[in-house]
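Novice: Mind looking over this structure? Questions follow.
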Amino acid sequence: QVQLVESGGGLAQPGGSLRLSCAASGLSFSSYNINWARQAPGKERELVAAMTVGGGTHYVDSTKGRFTISRDNAKNTVYLQMNNLKPDDSAVYYCNAVFYPRDYWGQGTQVTVSS
């Protein structure tokens, strides 16, 4: 059974930092492209960062220079370092593992940025 379990969310002040983790099990993790996506209330889910099996990265414009995605294949874990957080970053953050046609999602972790 494939599981993706996110952790590390919580409350942060504007300008603060959080580090999200996503621990994967039940899959050949190193073979999967990994994405972080988020969904705020009343909005569509959006991709914020992606990392390929080869280590290539992609960021949505609103997170470039502030968010960093990384992975540790030995630990079957992907991370999202989020710096200089803004209130607009508040959302539920999801981990997504893709190896076509397999596509798995975690349950999400809440991030709230507020003073």
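Novice: How much length would be gained if the chain were fully extended between TYR104 and VAL60, taking 0.36 nm per residue of separation minus their Cα-Cα distance, in nm to one decimal?
Specialist: Length gained, TYR104 through VAL60: 13.8 nm.
Novice: At a 1.4 Å probe radius, carbon and sulfur cover how many percent of the accessible area of region 1-93?
Specialist: Carbon with sulfur: 46 percent of the solvent-accessible area.
Novice: Please give the net charge around GLN13, taking every other residue with its beta carbon less than 12 angstrom from that of GLN13, where Lys and Arg add +1 and Asp and Glu add -1.
Specialist: Cβ neighbours under 12 Å give a net charge of 0.
Novice: Order 86-97, 16-27, 45-56 from most to least packed using the mean count of other Cβ atoms within 10 Å.
Specialist: Taking the mean over residues of other Cβ atoms within 10 Å, the ranking is 86-97, 16-27, 45-56.
Novice: Tell me, what is the per residue accessible area of the chain in Å², probe radius 1.4 Å?
Specialist: 53
Novice: On to the next question. Considering only the other residues whose Cβ falls under 11 Å of the Cβ of SER90, what net charge follows from Lys and Arg at +1 and Asp and Glu at -1?
Specialist: That works out to +1.
The values are calculated or read from the model by the stated rules, or taken from the named source; none is laboratory data. Small disclaimer: the values here were computed from a predicted structure and weren't measured. Here Cβ is always computed from backbone atoms with ideal geometry, including for glycine, and neighbour counts include all displayed protein chains. For accessibility, only protein heavy atoms count, side chains too; no ligands or nucleic acids. Shrake-Rupley method; radii C 1.70, N 1.55, O 1.52, S 1.80 Å.
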